[in-house]
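The values are calculated or read from the model by the stated rules, or taken from the named source; none is laboratory data. The shown structure was predicted, so the numbers you read here are calculated from the model rather than taken from an experiment. Glycine gets a Cβ as well: all are built from the backbone with ideal geometry, and neighbour counts include every protein chain shown.
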Amino acid sequence: MTPQAVNLVPFVSVDHMMKIVTEIGVEEVLAHLCDYLEEDFKRWELFDKTPRVASHSVSGVIELMPTSDGDVYGFKYVNGHPQNTTVGLQTVTAFGMLSDVTTGYPLMLSEMTILTALRTAATSVLAAKYLAPTGSKTMAMIGNGSQSEFQALAFKKILGITSLRLYDIDDNAARKCAANLAGRGFDIVICDSKEKAVEGAEIITTVTADKQLATILTDNMVGAGVHINAIGGDCPGKTELHKDILMRSDIFVEYTPQTRIEGEIQQLAHDHPVVELWQVIKGDIPGRRGSQQLTIFDSVGFAIEDFSALRYLRDQLDRTGHFENLDMLADPDDPRDLFGMVMRSVQTFA
């Protein structure tokens with residue numbers, strides 16, 4: 001029996017994703033993702049929202065991140081295991097799905113290891129669009145792992161960042177990042193300390209992986225007027241910024257109940273004031289108000305961002321043709337006769 005079209009689910013593999021990104025162009029993909037994110041942040045109140053469901057272990061975390069806008073449901077499965085790289089594995093892997101709310105039928109299944117890196121960078125630059133100093137040209141990037149190049153390219157494409165100051169405790173990671181970004185329009189300096197990396201930077205991005213209460217930035221390293229893009233802390237017990245920096249900053253988050261558990265603000269009182277980014281994007285609350293304001297985007301990643309990324313990806317399938325249909329859903333002639341379908345298949349193959 002040939003499955004009906006509605007029972008075939010488009011699947012985007014890692015190979016498909018790489019072809020889509022290279023065909024469209026990584027900077028164009030980042031710009032388009034930023035547009036989709038901005039659209040969904042403006043309709044933030046329509047979405048189902050819940051902190052992600054996390055299963056923590058001594059080696060890492062596995063999480064499910066669901067949401068729905070009432071018409072389409074989306075979820076992402078994602079892990080975070082910082083020590084994976086020591087055995088040749090990725091720190092973060094992911095896959096996700098969109099489904100039709102009316103029928104419950106899946107609309108698309110996709111890898112999201114690459115897509116998560118892209119959407120994280122697009123979310124960072126979307127926040128910086130509203131929070132970073134006007135005319136910023138220099139970004140320090142502390143942590144030069146698998147997210148770093150995507151962050152750099154997003155900030156160049158959307159904000160015009162052309163000067164990068166890199167630091168990683170692993171010199172090989174910094175050299176890798178610099179080599180991958182060579183010829184892409186950056187002036188790159190590899191620094192031998194965090195302190196040197198942040199010198200002269202209008203934007204500081206922290207994107208480290210260790211699952212611990214770390215102090216990547218101390219208070220004396222950060223002057224007035226800087227925007228901090230803090231994206232490495234994303235689970236209980238994992239931070240990057242000294243508490244004193246938070247106390248003198250205006251802090252912007254995605255979804256407050258989740259960030260209080262997982263973000264930099266887990267160090268602060270439960271009622272410490274923060275602003276959700278969607279309120280700034282909608283124009284309800286101002287973002288950057290002056291040249292001396294210190295702003296922090298305390299980003300932990302939220303399901304609506306993954307929904308936006310999957311929504312963008314689905315819109316590219318017909319354009320690029322980079323997907324395959326999976327026979328994932330049972331398709332009996334009589335929807336009440338699943339057993340009969342199985343038995344008839346046995347007779348067919350006998």
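In the set I114, I158, only one residue is among the β-branched types (V, I, T), in a helix (DSSP H, G or I) and within 30 Å of A5 (Cα to Cα); that residue is I114. Taken together, the criteria place Q316 among residues that are assigned to a helix (DSSP H, G or I), surrounded by 15 or more Cβ atoms within 10 Å (Cβ to Cβ) and either in contact with a Ser or Thr (Cβ under 9 Å, 6 or more places away or on another chain) or at pLDDT 95 or above (or both). Among residues of the range 173-189 that are assigned by TED's automatic domain parsing to the domain that holds N144 and in contact (Cβ under 8 Å) with a residue 12 or more places away in the chain, those with a Cβ under 6 angstrom from a residue that is in a loop (DSSP other than H, G, I, E, B) and crowded, with 18+ Cβ neighbours inside 10 Å, sequence gap 6+ or separate chain, pair up as A173/N144; A173/G145; A174/N144; A174/D168; C177/N144. Within the range 1-48, being in a loop (DSSP other than H, G, I, E, B) and not aromatic (F, W, Y) holds for M1, T2, P3, Q4, S13, G25, R43, D48. Among the candidates Y73, Y77, the residue that is surrounded by fewer than 21 Cβ atoms within 10 Å (Cβ to Cβ) and under 14 Å from the mean Cα position of the chain (by Cα) is uniquely Y77. Only residues that are over 24 Å from V92 (Cβ atoms) and either over 20 Å from the mean Cα position of the chain (by Cα) or basic (K, R) (or both): list them for the range 132-164, please. Passing the criteria: P133, T134, G135, S136, K137, T138, G160, T162, S163. Taken over the range 215-268, the criterion of being among the charged types (D, E, K, R) and more than 22 Å from the chain's Cα centre (by Cα) is satisfied by D219, K243, D244, R248.
Yes or no, residue by residue, for (1) surrounded by 22 or more Cβ atoms within 10 Å (Cβ to Cβ); (2) closer than 24 Å to I251 by Cβ:
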site: T162; (1), (2): no, no
site: A178; (1), (2): no, no
site: A182; (1), (2): no, no
site: G185; (1), (2): no, no
site: E202; (1), (2): no, yes
site: H227; (1), (2): yes, yes
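Only residues that are among the β-branched types (V, I, T) and either farther than 22 Å from N79 by Cα or crowded, with 18+ Cβ neighbours inside 10 Å (or both) were counted in the range 31-65, giving 1. Taking residues in the range 44-64 that are within 16 Å of E276 (Cβ to Cβ), and partners anywhere that are surrounded by 15 or more Cβ atoms within 10 Å (Cβ to Cβ) and among the small types (G, A, S), the pairs with Cβ atoms closer than 7 Å and at least 6 places apart or on different chains are F47/S68; D48/S68. Restricting the search to the range 50-84, which residues are in a strand (DSSP E or B), small (G, A, S) and at pLDDT 95 or above? Within the range 50-84, S68, G74 meet the criteria. Just one of the numbered conditions (1) among the small types (G, A, S); (2) out of contact with any Pro (no Cβ under 8 Å at 6 or more places or on another chain); (3) closer than 16 Å to E262 by Cα is not true of G96: (3). The lone criterion from (1) exposed (fewer than 13 other Cβ atoms within 10 Å of the Cβ); (2) β-branched (V, I, T); (3) in contact with a Phe, Trp or Tyr (Cβ under 8 Å, 6 or more places away or on another chain) left unmet by I304 is number (1). Filtering the range 117-134 to residues that are buried (at least 22 other Cβ atoms within 10 Å of the Cβ) and not in a helix (DSSP H, G or I) leaves only A132.
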